[in-house]
Amino acid sequence: MDLVDQLKDDILNGKLPKGRPLRQQELSSIYGVSRIPIRDAIALLKNQGWLIAHGKAGVMIPELNWQEAEDLYRMRMALEVQLLEHALPNLSHEVLGRAKDINLQLNAPCLTLLERGQLNWDLHATLYKVANRPTLFNVVAILNEQVRRYMGFQDGPLNYRDTSQSEHEQLFHLIENKQFEQSLCLLEDHIKVAGQKMVEYLKSNQ
């Protein structure tokens, strides 16, 4: 696991504290590397929304909040349905086979939250790439990177993993049977219901 992924993994698992500044020297000591790779990792994680600036020289892990979660799922719902619609005519058996293989990997019981989040995006990205809409795809990729910070809730208190897996399988079935309108509706609901559950959970625990 490289340094960036290690930092993400420790953020997801609460090993790095929220609510107080983290400084390069401290992180350098924790991870046993010089300040240069720490600086580069911090810059990338700030761009991806995993860290925010705090004070003159520090960064901080942002709190998860329901407004951000709501914005993310609503944007995903609108843009990913468009992206899948563009992709549907180009979804071959080979592409669907790759997506199914990834879904099987998601059933592994020993995956970390970071690995599960990456695989979930890999599955969706496999379907979306054949849309040949790089600008739209890149925006959706950024949104999904931000959503990965919330992955622990889906696997943990929301207990939504099995439902998500089942919906992936339903989506493959609809696409294979060229039930394209139904597949777009399923994807919209797939994102919407999980997003709403996340928002409700965060509101009740704020």
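Observations
- Working from label points 7 Å from Cα in the Cα-to-Cβ sense, the GLN196 to VAL95 distance is 2.9 nm.
- The magnitude of the dipole of the chain, with charges of +1 and -1 set on the Cβ of Lys/Arg and Asp/Glu and taken from the Cα centre, is near 800 debye.
- Kirkwood Rh in Å, taken over all unlike Cα pairs in the stretch 1-65: 11.7
- Scanning the chain for DSSP H helices at least 15 Å long along the axis (C-alpha atoms) with a Kyte-Doolittle mean no lower than 0.5 picks out 134-147.
- For the chain, projected area of the alpha-carbon convex hull averaged over all directions, nm²: 11.9
- Computed over neighbours whose Cβ is under 13 Å from that of ARG35, the net charge equals 0, Lys and Arg +1, Asp and Glu -1.
- Qualifying trypsin sites (Lys or Arg not before Pro) in the stretch 1-84, where qualification requires a DSSP coil assignment and no more than 10 other C-beta atoms within 10 Å, comprise LYS56.
- Lysines with Cα under 22 Å of LYS129, excluding same-chain neighbours fewer than 8 positions away: LYS100, LYS178, LYS192
Rule-based calculations on the coordinates, nothing more; no lab input. As the structure is a computational prediction, the values presented were derived from the model and not from experiment. Note that each Cβ is placed from the backbone with ideal geometry, even for glycine, and that neighbours are counted across all protein chains shown.
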